[in-house]
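Everything on this sheet refers to the single structure shown next.
Throughout, read-outs are computed from the coordinates displayed, never taken from laboratory work. Note that the coordinates shown come from a computational prediction; the quantities given were computed from them, not determined experimentally. Cβ placement follows ideal geometry from the backbone for every residue including glycine, while neighbour counts extend to all protein chains displayed.
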Amino acid sequence: MQLIRWAVAVLLTGVGFAAWAESPLDRPPERTYDIVIESGYLRVGVYENFPPYSFMKDGEPAGVDVALGRKIAEGLGVDFQVHWITPDETLEDDLRNNVWKGHYLAKRRIADVMMRVPYDKAYAYMQDSTGEIINEQVVMFGPYQEEAWQIAYDPNDIDDVPTIAVFQYNPIGVEIDSMPDFYLSSTFQGRLRDNTHHYRNIGAAFDGMVANEVAAIMGMRAEVDYLLATDPDKRFRLAGNGFPGMVKQSWDVGMAVKHTHRQLGYAIEAIVDGLVRSGGMEAIYAEYGLRYDRPAFYDAILTSQEAPAAQ
């Protein structure tokens, strides 16, 4: 009871406010917009060892999500701090452990904002069996890229990939337990299953293609683009096929903050919106040799704004 009275007094008077926000209690600190600005740094959550989005290069954090995090921190007038995220079993686990609750082994280790979160209203308001919103503790906002699935292939093994039917006769590498894995193993009544080879990640699948273990790979477009850029012989090609039967072939990628930190989210969203509209986001992707597609969220907005005025 004394602790509660002390906390209320601190919040009402403002005395020791920053100290309360960073208290030694076993729970995440409340780093609201004002506290972030006062602290002088922004802690940006990105997935570890996830090129080209976020990874270590020459001893420093690198990747498009890291570069965007730096731009956001610069726009807020604070320093950038990286918060490495080790992926858990589900995205809900990642949001809980890194955005609003903290991991049970390190509850105070939490990000101010988390990158590479699907910007999808259906997912944001998804309910559990009791009708409760699963992700009610977070706000998902600020779409900054449209991602898609992509196949790359070795033209020495396959002339072209007009459809995925060619993988009835040619092996293709995927990251195990990924969407491409599930899709290729089940589509066409399972006729591609035996030619779907599993690797620990898309980078290992690419190494398998280099070693002629498989004739193609399937992964997220930016990952595939980045891997092809590392091939000194430039022998691999990008396929232009679609994926029949796959419900989600492309999707918008955004960010997430704790639901009580909406003001911080608004400030970050304004910075990212400016980068998308000005071409700054495209420039970030170009630095890593990646194609950039503006989020579908902007299609109607910018098309109407760019349209000439009626005469």
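One table, with the values for the structure above:
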{"read-out": "Which of Lys71, Lys121, Lys258, Lys248 has the fewest Cβ neighbours within 10 Å, and the rest in rising order", "value": "Lys121, Lys248, Lys71, Lys258"}
{"read-out": "5 angstrom amide H check on Phe50, placed H, neighbours 5+ away", "value": "Phe55"}
{"read-out": "Order of Arg200, Arg291, Arg237 - criterion: other Cβ atoms within 10 Å of each residue's Cβ, fewest first", "value": "Arg200, Arg291, Arg237"}
{"read-out": "As computed over the range 200-311, the Cα convex hull volume per residue (Å³)", "value": "201 Å³"}
{"read-out": "Solvent-free Debye scattering, log10 I(q)/I(0), computed from the Cα coordinates of the range 64-176 at q = 0.15, 0.16, 0.20 Å⁻¹", "value": "-0.86, -0.91, -1.12"}
{"read-out": "Convex hull per residue volume in Å³, alpha carbons only, for the chain", "value": "197 Å³"}
{"read-out": "Neighbour-count ranking [beta-carbon atoms within 10 angstrom, fewest first] of Asp177, Asp160", "value": "Asp177, Asp160"}
{"read-out": "Burial order of peptide ranges 201-211, 185-195, 125-135, 143-153 (average beta-carbon count within 10 Å, highest first)", "value": "143-153, 201-211, 185-195, 125-135"}
